[in-house]
Amino acid sequence: MELSDIKRYLKTGASKTVTVYCELSSKYTGYVETITMMNERQVCIEFDVYGYDEAGITYFINYDNFEILLKSLEEYLGKSSDEWNIINQTGYYPKEPQLEYDLNHTHELIQYDFLTDNIVLPQYGKVTIKDDYWKKLYDDNNRR
């Protein structure tokens, strides 16, 4: 995808966001990781149980400028931006995991990694957690 396409979608697209990644998580089996550019300085990273689009962990990462945001995502995804797809256009969603997995075990793993700041995220930005159940859990855990 061309940078001009990304910028145009951010300004004129129906949601004024660009989802550039939506795949099964390689570490958290049964979860889908979605990356959405909210604007030219903010990215949303979501980890949701397959088939759900809420109640998962949601991070927001704010950057100083669009160039740093792009560099961060290119490094994180291991692809240059011209290799990304606009998921908003295609409606792509990954096929259901083919591996057998224990969702309770995966939930315990992602919760542990979340509480110990071990979920790998893109670099160079300021990370915040969506103000919901997960943020309360994180805040309560770090007060102890």
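The values are calculated or read from the model by the stated rules, or taken from the named source; none is laboratory data. Note that this is a predicted model, so its numbers are computed, not measured. Cβ: placed from backbone, ideal geometry, glycine included. Neighbour counts: every protein chain shown. The accessibility values were calculated without ligands, DNA or RNA, using every heavy atom of the protein model including side chains. Shrake-Rupley method; radii C 1.70, N 1.55, O 1.52, S 1.80 Å.
Please specify each residue of the range 110-133 satisfying the condition of being farther than 18 Å from residue 38 by Cβ and surrounded by 14 or more Cβ atoms within 10 Å (Cβ to Cβ). Write out each step before concluding.
From the range 110-133, those farther than 18 Å from residue 38 by Cβ are 110-120, 133; that's our starting set.
Listed by number, the residues that qualify are 110, 111, 113, 114, 115, 119.
May I ask you to list pairs of residues, at least six apart or on different chains, whose Cβ atoms are under 8 Å apart, with the first in the range 88-108 being of a type in the set (A, V, I, L, M, F, W, C) and the second being not in a helix (DSSP H, G or I)?
Partner pairs satisfying both residue conditions: 99/29; 103/30; 103/49.
Which one is nearest to residue 115 (Cα to Cα), of the residues in the range 36-57 that are buried (at least 20 other Cβ atoms within 10 Å of the Cβ) and touching a Leu at 6+ places or on another chain (Cβ under 7 Å)?
So, considering only residues that are buried (at least 20 other Cβ atoms within 10 Å of the Cβ) and touching a Leu at 6+ places or on another chain (Cβ under 7 Å), the one nearest to residue 115 (Cα to Cα) is 45.
Look at the range 66-82 and say how many of its residues are open to solvent by 60 Å² or more (accessible area, probe 1.4 Å), without any contact (Cβ under 8 Å) to a residue 60 or more places away in the chain and more than 19 Å from residue 39 (Cβ to Cβ).
The qualifying residues number 3.
Just wondering, is there one or more residues in the range 58-65 that are part of a loop (DSSP other than H, G, I, E, B), in contact with a Leu (Cβ under 6 Å, 6 or more places away or on another chain) and either under 22 Å from residue 117 (Cβ atoms) or free of Cβ contacts under 8 Å to residues at least 12 places away in the same chain (or both)?
So the first thing to find is which residues in the range 58-65 are part of a loop (DSSP other than H, G, I, E, B), and the list is 63-65.
Retained after the next criterion (residues that are in contact with a Leu (Cβ under 6 Å, 6 or more places away or on another chain)): 63.
Still in the running and either under 22 Å from residue 117 (Cβ atoms) or free of Cβ contacts under 8 Å to residues at least 12 places away in the same chain (or both): 63.
Within the range 58-65 (the criterion being part of a loop (DSSP other than H, G, I, E, B), in contact with a Leu (Cβ under 6 Å, 6 or more places away or on another chain) and either under 22 Å from residue 117 (Cβ atoms) or free of Cβ contacts under 8 Å to residues at least 12 places away in the same chain (or both)), the answer is yes, since at least one residue qualifies.
Hey, can you tell me all the residues within the range 1-51 that are among the basic types (Lys, Arg), touching a strand residue (DSSP E or B) at 6+ places or on another chain (Cβ under 8 Å) and at pLDDT below 95?
If the condition is that a residue be among the basic types (Lys, Arg), touching a strand residue (DSSP E or B) at 6+ places or on another chain (Cβ under 8 Å) and at pLDDT below 95, then 16 is the only one that fits.
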